[in-house]
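Here's a structure for you.
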Amino acid sequence: MIVGIGVDIIEVERIKKIIINYSDAAINKIFTKTEKNYCEQFNERKYEHYAARFATKEAFSKAIGTGFNNNFKLNEIGIFNIETGKPQIELFGNLLEKYGKYKIHISIAHLKEYAVANVVIEE
């Protein structure tokens, strides 16, 4: 049974400005170490990858029905890729406690200007 569906699209430039203009401490509240390590390997295209991960977090928040409210912590959700390249969600802290029992499906796409993510949560 499907518990929730969420989708998000974001401008890559918006995420690029956040990463450039804010301190590492602020960035660490948004992205996990694994996400940062993954994105940084893409040099000039790294902002597309950061934006895709941000869009996935927002799509997940929509799928659970909270948005970024109700104590939703962006760094309690991380996106990583398995060997085949397929992205997966990893939950931590309160998000893991509340939603760790569900199967989470994600799809991510990005271009130079936009990133989009779709999340489906299944019981």
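The values are calculated or read from the model by the stated rules, or taken from the named source; none is laboratory data. Since the model is a prediction, treat every value here as computed from it, not as a measurement. Quick reminder, even Gly has a Cβ in these numbers, built from the backbone with ideal geometry, and neighbours come from all protein chains shown. Ligands, DNA and RNA are stripped out before the accessible areas are found, and what is left, the full protein with its side chains, is counted by its heavy atoms. Shrake-Rupley method; radii C 1.70, N 1.55, O 1.52, S 1.80 Å.
Which of the numbered conditions does K17 fail, given that it passes all the others? Conditions: (1) free of Cβ contacts under 8 Å to residues at least 40 places away in the same chain; (2) open to solvent by 10 Å² or more (accessible area, probe 1.4 Å); (3) within 13 Å of the chain's Cα centre (by Cα).
(3)
Within region 21-36, track down each residue that is part of a helix (DSSP H, G or I) and open to solvent by less than 100 Å² (accessible area, probe 1.4 Å). Please lay out each step first, then the result.
Pass one, region 21-36, residues part of a helix (DSSP H, G or I): 21, 24-28, 33-36.
Correct list: A25, A26, I27, N28, T34, E35, K36.
What's the number of the only condition in (1) part of a loop (DSSP other than H, G, I, E, B); (2) modelled with pLDDT of 95 or more; (3) not small (G, A, S) that I104 fails to meet?
With respect to (1) part of a loop (DSSP other than H, G, I, E, B); (2) modelled with pLDDT of 95 or more; (3) not small (G, A, S), I104 is out only on (1).
Need the failing condition index for E44 against (1) part of a helix (DSSP H, G or I); (2) open to solvent by 70 Å² or more (accessible area, probe 1.4 Å); (3) touching a residue at least 12 places away in the same chain (Cβ under 8 Å), just the number.
It fails just one condition, (3).
If you don't mind, there's one more thing I want to ask. Starting from region 71-89, take each residue that is more than 14 Å from V119 (Cβ to Cβ) and list its partners that are open to solvent by 30 Å² or more (accessible area, probe 1.4 Å) and of a type in the set (F, W, Y), counting only C-beta distances under 6 angstrom and pairs at least six apart or across chains.
E76/F92
Could I ask something else about it? (1) farther than 18 Å from I18 by Cβ; (2) open to solvent by 30 Å² or more (accessible area, probe 1.4 Å): which one isn't true of I106, the others all being true?
Every condition holds for I106 apart from (2).
A follow-up question, please. Restricting to region 47-69, give me the number of residues that are in contact with a helix residue (DSSP H, G or I) (Cβ under 8 Å, 6 or more places away or on another chain), open to solvent by less than 70 Å² (accessible area, probe 1.4 Å) and either within 24 Å of E13 (Cβ to Cβ) or among the small types (G, A, S) (or both). Full working, then the answer.
Our first condition is that a residue be in contact with a helix residue (DSSP H, G or I) (Cβ under 8 Å, 6 or more places away or on another chain); within region 47-69, this holds for 47-51, 53-54, 57, 64, 67-68.
From what is left, the residues that are open to solvent by less than 70 Å² (accessible area, probe 1.4 Å) are 47-51, 53-54, 57, 64, 67.
If we keep only those that are either within 24 Å of E13 (Cβ to Cβ) or among the small types (G, A, S) (or both) too, we end up with 47-51, 53-54, 57, 67.
The number of residues fulfilling the criteria is 9.
Could you list, in sequence order, the residues of region 70-101 that are surrounded by fewer than 17 Cβ atoms within 10 Å (Cβ to Cβ) and part of a loop (DSSP other than H, G, I, E, B)?
N70, N71, K73, I82, E83, T84, G85, K86, F92, G100, K101
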